[in-house]
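Shown next, in structure tokens, is the structure this report addresses.
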Amino acid sequence: MYNVRSGNPPHLPLLALGRATLALACATLAVGCAPDSFRSAQATGFNAYVKQLPTSCRPLQIGSQDLGEQILSDAIGNSNYEYFIDATSKLYYNRMSPQSYRQALEGIFGAGTPNNKSFECIFRTLPPDRPNAPGGTY
């Protein structure tokens, strides 16, 4: 009910509820991102792992995507490249199994025989002692 003395219009509680809902949605999205999505400069091990993939796994082809070339050109802004980096980060930090990783990438980029060699190389070059999060951040 509108309180004439306070001068507060009745829509302010709805505005506060909308802001709270927006804040909750933003927090939920941030939690779903890979551990180094916001602090990639501190993810030196992950960054080194990704940078070696184009030469270690040549050609790094999954479905229709030449991911090796995208890594070399640092294709920021390309949603396919960003999806690959996010999923690879989850794999690297033990947040996604190799099987789930393969299913996720093939679901986006497509399946095919060339994928086998690329996935085998991606998994083979993972460091056995990789961390669960970037050092010093979590």
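No value in this document is a laboratory result; all are computed from the given coordinates. Quick caveat, the model's predicted, so the values are computed rather than measured.
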> What is the diffusion coefficient of region 44-124 in µm²/s, taking the Kirkwood radius over Cα pairs and the Stokes-Einstein relation at 37 °C with a viscosity of 0.692 mPa s?
Replying inline: 264
>> Give me a comma-separated list of calculated 3J(HN,Hα) values for region 87-96, in order, Karplus coefficients 6.51, -1.76, 1.60 applied at θ = phi - 60°, integers in Hz, x for any Gly or Pro.
In response: 5, 5, 5, 5, 5, 4, 8, 6, 9, 8
